[in-house]
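What follows is a set of notes on a single structure, which appears directly below.
The values are calculated or read from the model by the stated rules, or taken from the named source; none is laboratory data. The structure presented is a predicted model; accordingly, all values stated were derived computationally and were not measured. Cβ sites come from the backbone with ideal geometry, for glycine too, and all protein chains shown count toward neighbours.
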Amino acid sequence: MSPRPKATSDADLLAAAHRVVMRLGPNLTLADVAKEAKVSAATLVQRFGSKRGLLLAFAASGSSGLAEEFARIRKSSKSAIAAVYATADCMAAMAQTPEMLANSVAFLQLDLTDPEFHKHAHAHSRGMQADLKALLDEAIAEGDLVCRDTTRLARAVQTMIGGSLLQWAIDREGKVNDRLREDLETLLKPRVAAKGAAHGGGHRERRRHARRKVVWHT
């Protein structure tokens, strides 16, 4: 006889934990998450063992679900370069207010000081760089981008997103989505290629196309 299905899945509980982390940071209680998920605190203890177990599961879910999230973004975007912008939009959606970002940064303290949490943060960072690199490689293949080292560019994009979020929270000017898109354009626009430029013959051909005025479409 097959076991009865769980009334609330682990994924639902971790999604609730994410919402609470954005509101309260890592100082949340099991009762806070239980209220958000509409379950009892005992249910959380049964599933994850403790608050630490819940937060570790939440941290692990961030890296394990990354490839699926990037695949979803790419599928819903018209081009690989548009998907890079959509990735920035997704990051902005997780920090719509300075308070939300502050709570995320508070969780980052765990990632930097606790070896178990750092393991998941490291996996997430490497995974994001790899997925960004794949998008940039695809953008080159599509003729939308000229770049000799997409590994370094992917790292720069990732670094820019994190830095722009923090600077926006300090400046508190405009919308976070607009800030990230503006900064991303500053980074990528010099590498924009006319259609087909990335397939041209030799570096001189690529430089000639890169100097053309190109209207950016996302």
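Observations on the model:
- Test: residue in the stretch 155-177 that is at pLDDT 90 or above, touching a strand residue (DSSP E or B) at 6+ places or on another chain (Cβ under 9 Å) and in the same structural domain as Asp89 (by TED's automatic domain parsing): no
- Counting only helices (runs of 4 or more DSSP H) that sit wholly inside the stretch 26-130, those with at least 3 residues that are over 17 Å from the mean Cα position of the chain (by Cα) are 30-37, 41-48, 51-64, 98-113.
- Selection within the stretch 45-72 - surrounded by 19 or more Cβ atoms within 10 Å (Cβ to Cβ) and farther than 19 Å from Phe117 by Cα: Phe70
- In the stretch 159-185, the residues that are more than 15 Å from Thr87 (Cα to Cα) form Cβ pairs under 6 Å with partners that are surrounded by fewer than 19 Cβ atoms within 10 Å (Cβ to Cβ), at six or more places apart or across chains, as follows: Ala169/Pro98.
- All positions within the stretch 152-192 that are out of contact with any Phe, Trp or Tyr (no Cβ under 7 Å at 6 or more places or on another chain) and not in a helix (DSSP H, G or I): Arg172, Glu173, Gly174, Lys175
- Among the residues of the stretch 131-152, the one identified as over 20 Å from Ala71 (Cα atoms) and under 18 Å from the mean Cα position of the chain (by Cα) is Arg152.
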